[in-house]
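The next block holds one structure in the form of C-alpha cells; read it before the comments.
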C-alpha cells in the first residue's frame with residue numbers, strides 16, 4: 001500500500017478482504033470479510049487438535065466451503081454468509097447485511 005502512497009497504518013484492517021476477493025467473492029461497502037483457516041477438532045472433547053487442516057484441503061475441502069456458501073442463519077435472516085476456497089487450507093468468508101461495521 002505504501003508503495004502507492006497509502007498509509008497502511010490508517011487504511012489496512014487485515015487480510016480478510018484481500019483473501020475473500022482473491023478467492024472470488026465480490027465485496028460491497030458495508031460487508032465484513034475474514035481470512036479463515038479450517039482446523040481439525042476432536043468431536044468428543046471439542047478441542048482443536050490442529051489449528052489448520054493439511055495442504056490436501058483443496059482436494060476435499062471445497063465441498064465444505066460450498067456447504068457454507070450462501071448460508072442463512074435463522075436468527076439473523078437479514079444476513080448472508082458466503083465462503084469460497086482460496087488456497088491450501090485457507091478460505092475467504094464474507095458476511096453481508098445491514099448495519100455491519102469493523
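Select, from 94, 64, 80, 71, the only residue that is closer than 22 Å to residue 14 by Cα, in contact (Cβ under 8 Å) with a residue 12 or more places away in the chain, surrounded by 12 or more Cβ atoms within 10 Å (Cβ to Cβ) and out of contact with any helix residue (DSSP H, G or I) (no Cβ under 6 Å at 6 or more places or on another chain). Please lay out each step first, then the result.
Numbers: 94 fails: out of contact with any helix residue (DSSP H, G or I) (no Cβ under 6 Å at 6 or more places or on another chain); 64 fails: closer than 22 Å to residue 14 by Cα; 71 fails: closer than 22 Å to residue 14 by Cα.
Going through 94, 64, 80, 71 in turn, just one is closer than 22 Å to residue 14 by Cα, in contact (Cβ under 8 Å) with a residue 12 or more places away in the chain, surrounded by 12 or more Cβ atoms within 10 Å (Cβ to Cβ) and out of contact with any helix residue (DSSP H, G or I) (no Cβ under 6 Å at 6 or more places or on another chain): 80.
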Being within 22 Å of residue 18 (Cβ to Cβ) and either part of a strand (DSSP E or B) or touching a strand residue (DSSP E or B) at 6+ places or on another chain (Cβ under 6 Å) (or both) is the requirement here; does residue 64 meet it? no
Complete set of residues in the range 27-56 that are closer than 16 Å to residue 68 by Cα and assigned to a loop (DSSP other than H, G, I, E, B): 38, 39
Mind checking which residues of the range 1-26 are modelled with pLDDT of 80 or more, in a helix (DSSP H, G or I) and closer than 20 Å to residue 100 by Cα? 20
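The values are calculated or read from the model by the stated rules, or taken from the named source; none is laboratory data. Predicted model, so just to flag it, every value in this text is computed and none were measured. Neighbour counts run over all protein chains shown; Cβ positions are idealised from the backbone, glycine included.
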